[in-house]
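Novice: Next up is a structure, given as structure tokens.
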Amino acid sequence: MPTTLIYETHATTLDNEQGIATGWLPGELSAAGRQEAVELGVRRQGVDVVFSSDLRRAVQTVELAGLDAPHFVDWRLRECNYGKLNGRPRPELEPRRERVDTPFPDGQSYREVVESTESFLSDIKRLYAGAQVLIVAHSANRWALQHLLAEESLEELVAAPFDWQPGWIYGV
């Protein structure tokens, strides 16, 4: 029986609203983000298990969602580490395409995020066969999932504008 992965980005943060690339910094949900987290909880009732990044903004999103499912945090679902650029204005990260295989200064590459996500997926397939698994993480993780599960070009994914939607669903 296939596993259903439901991917949601963490809710809007104060940094998101200010155009800051939080990276590996914790981040804090804004008032709008707190409301979005509650809406996520309504939308995703009935999942079997929830996994999130260990970064505060993802954990806070799950906490405010109020889901009945067990919640586990996993460092492999962290946003890309922008290194010296964590907490800097988003335009300083451009062009992101150059960071697919070349790490950010003192940080990591998007390919390294793919590797972490692939390791996570391997465990999910083995441990949660047939389950509905909700993942709450970051944009880099969604790009990794699209690359791994939908075979889309990582270079194109990181270069495209991020279009939010109420979740993405994958079968594994």
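The values are calculated or read from the model by the stated rules, or taken from the named source; none is laboratory data. Just so it is clear, the structure is predicted and the values come from calculations on it, not from any experiment. We place every Cβ from the backbone using ideal geometry, glycine too, and count neighbours over all the protein chains shown. Remember, those area values only see protein heavy atoms, side chains included, never the ligands or the DNA or RNA. Shrake-Rupley method; radii C 1.70, N 1.55, O 1.52, S 1.80 Å.
Novice: For region 1-34, which positions are touching a helix residue (DSSP H, G or I) at 6+ places or on another chain (Cβ under 9 Å), open to solvent by 70 Å² or more (accessible area, probe 1.4 Å) and in contact (Cβ under 8 Å) with a residue 24 or more places away in the chain?
Specialist: Those that are touching a helix residue (DSSP H, G or I) at 6+ places or on another chain (Cβ under 9 Å), open to solvent by 70 Å² or more (accessible area, probe 1.4 Å) and in contact (Cβ under 8 Å) with a residue 24 or more places away in the chain: 24, 25, 26, 28, 34.
Novice: Among the numbered criteria (1) part of a loop (DSSP other than H, G, I, E, B); (2) open to solvent by less than 70 Å² (accessible area, probe 1.4 Å), which single criterion is violated by residue 136?
Specialist: The one condition residue 136 does not meet is (1).
Novice: Kindly provide the set of residues from region 158-170 that are closer than 15 Å to residue 79 by Cα and open to solvent by less than 50 Å² (accessible area, probe 1.4 Å), ordered by number.
Specialist: To start, the set of residues in region 158-170 that are closer than 15 Å to residue 79 by Cα comprises 158, 162.
Answer for region 158-170, where residues must be closer than 15 Å to residue 79 by Cα and open to solvent by less than 50 Å² (accessible area, probe 1.4 Å): just 158.
Novice: Can you tell me which condition residue 72 does not meet? The list is (1) surrounded by 14 or more Cβ atoms within 10 Å (Cβ to Cβ); (2) of a type outside the set (Ser, Thr, Tyr); (3) within 20 Å of residue 51 (Cβ to Cβ), and all the others hold.
Specialist: With respect to (1) surrounded by 14 or more Cβ atoms within 10 Å (Cβ to Cβ); (2) of a type outside the set (Ser, Thr, Tyr); (3) within 20 Å of residue 51 (Cβ to Cβ), residue 72 is out only on (1).
Novice: Moving on to the next point. Take the conditions without any contact (Cβ under 8 Å) to a residue 12 or more places away in the chain and touching an Asp or Glu at 6+ places or on another chain (Cβ under 9 Å) and apply them to residue 163. Does it pass?
Specialist: Numbers: without any contact (Cβ under 8 Å) to a residue 12 or more places away in the chain: yes; touching an Asp or Glu at 6+ places or on another chain (Cβ under 9 Å): no.
So residue 163 fails the test.
Novice: Here's another thing I want to ask about it. Write out, first by first residue and then by second, each pair whose Cβ atoms fall under 7 Å of each other, whose residues are 6+ apart or on separate chains, and whose first residue, in region 112-141, is closer than 11 Å to residue 79 by Cα while the second is assigned to a helix (DSSP H, G or I) and among the basic types (Lys, Arg).
Specialist: Matching pairs, first to second residue: 116/76; 117/76.
Novice: Something else about it: Is it the case, given these coordinates, that residue 72 is in a strand (DSSP E or B) and within 11 Å of the chain's Cα centre (by Cα)? First the steps, then the outcome.
Specialist: On the way: in a strand (DSSP E or B): yes; within 11 Å of the chain's Cα centre (by Cα): no.
For residue 72, the condition - in a strand (DSSP E or B) and within 11 Å of the chain's Cα centre (by Cα) - is not met.
Novice: Just wondering, is there one or more residues in region 37-46 that are open to solvent by 30 Å² or more (accessible area, probe 1.4 Å), over 24 Å from residue 123 (Cα atoms) and assigned to a loop (DSSP other than H, G, I, E, B)?
Specialist: no
Novice: Quick check on this structure: which one of 163, 101 is on the phi < 0 side of the Ramachandran plot and either modelled with pLDDT of 95 or more or not in a loop (DSSP other than H, G, I, E, B) (or both)?
Specialist: Details: 163 fails: either modelled with pLDDT of 95 or more or not in a loop (DSSP other than H, G, I, E, B) (or both).
Exactly one residue qualifies, and that residue is 101.
Novice: Can you say whether residue 128 is among the hydroxyl-bearing types (Ser, Thr, Tyr) and surrounded by fewer than 21 Cβ atoms within 10 Å (Cβ to Cβ), as far as the supplied structure shows? Before you say what the answer is, go through the steps one by one.
Specialist: Values: among the hydroxyl-bearing types (Ser, Thr, Tyr): yes; surrounded by fewer than 21 Cβ atoms within 10 Å (Cβ to Cβ): yes.
Here the answer is yes, as residue 128 does meet what is asked.
Novice: Look through 121, 67 and report the one residue that is assigned to a loop (DSSP other than H, G, I, E, B), crowded, with 19+ Cβ neighbours inside 10 Å and not acidic (Asp, Glu). Write out each step before concluding.
Specialist: Values: 121 fails: assigned to a loop (DSSP other than H, G, I, E, B).
After ruling out the rest, the residue left standing is 67.
Novice: Within the bounds of region 15-32, is there any residue that is among the acidic types (Asp, Glu), in a loop (DSSP other than H, G, I, E, B) and either in contact with a strand residue (DSSP E or B) (Cβ under 7 Å, 6 or more places away or on another chain) or at pLDDT 95 or above (or both)?
Specialist: Going through region 15-32, the residues among the acidic types (Asp, Glu) turn out to be 15, 17, 28.
If we keep only those that are in a loop (DSSP other than H, G, I, E, B) as well, we get 28.
If we keep only those that are either in contact with a strand residue (DSSP E or B) (Cβ under 7 Å, 6 or more places away or on another chain) or at pLDDT 95 or above (or both) too, we end up with 28.
Within region 15-32 (the criterion being among the acidic types (Asp, Glu), in a loop (DSSP other than H, G, I, E, B) and either in contact with a strand residue (DSSP E or B) (Cβ under 7 Å, 6 or more places away or on another chain) or at pLDDT 95 or above (or both)), the answer is yes, since at least one residue qualifies.
Novice: Could you please find all residues in region 76-98 being open to solvent by 50 Å² or more (accessible area, probe 1.4 Å) and either free of Cβ contacts under 8 Å to residues at least 40 places away in the same chain or at positive phi (or both)?
Specialist: Listed by number, the residues that qualify are 84, 94, 98.
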